[in-house]
Amino acid sequence: GWVPESVPIPNSQLTVPGTIFVDPLITRLLGAALLALAFSSYLGWRASSLSQVALIVQVELVYCALGSLAFIAAYFLLERPMPVIGYAFLFILLAFTAAWAWAYRVAARA
């Protein structure tokens with residue numbers, strides 16, 4: 001939904017597939033980063049005390065907050081409307097931001 005299926009070439013009757021505008025390297029790097037983040041979350045889940053996972057909670061909080069800001073900036077700065085999946089990702093990131101902020105607050109008190 002982010003890129004149309006076919007994109008017209010300016011000043012021409014020709015179109016090109018929308019998939020040429022998606023960089024597979026960046027997509028794979030983002031996927032690898034998200035898998036690494038998920039692995040660190042798994043290790044934090046297996047930890048026995050909050051003090052052992054304070055750094056992971058901070059990283060997760062910052063990631064979710066910055067991701068939310070990126071979606072909000074895209075909503076206001078892009079010239080085309082954001083697809084429904086974009087709103088779903090935004091709300092999921094906002095929910096995780098709130099959850100990580102709560103976890104960070106609890107860890108700070110301990």
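Kindly provide the helix-only [θ] at 222 nm of the chain, computed as the sum of -39,500 (n - 2.57) over DSSP H runs of four or more divided by all residues, to the nearest 500 deg cm²/dmol? Spell out each step's value before the answer.
Values: 3 runs with 73 residues, N = 110.
Rounded to the nearest 500, it is -23500 deg cm²/dmol.
To the nearest 20 Debye, how big is the dipole of the chain about its Cα centre, given +1 on the beta carbon of each Lys and Arg and -1 on that of each Asp and Glu? Intermediate results must be reported in sequence, preceding the final value.
Values: 5 positive and 4 negative charges, 86 e Å.
Once rounded to the nearest 20, the dipole reads 420 debye.
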Next item on the list: Please determine, in degrees from 0 to 90 and to the nearest 10, the orientation of helix 84-109 with respect to the longest principal axis defined by the Cα atoms of the chain, where the helix direction is its Cα long axis.
Entry: 20
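Show me the GluC sites (Glu not before Pro) within the chain that DSSP assigns to loop and that have at most 15 other Cβ atoms within 10 Å of their Cβ.
Details: sites: E5, E60, E79; in loops: E5, E79.
Passing sites in the chain are E5, E79.
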Check: How big, on average over all directions, is the shadow cast by the Cα convex hull of the chain, in nm²?
Finding: 8.5
Checklist line | Amide H contacts of V7 (H built 1.01 Å from N, under 5 Å, at least 5 apart or other chain) | finding: V16, G18
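Every number here is computed from the coordinates shown, using simple stated rules; none is lab data. In this text the structure is predicted, and so the values were computed from the model without any measurement. With ideal geometry, Cβ positions are generated from the backbone for all residues, glycine too; neighbour counts draw on all protein chains shown.
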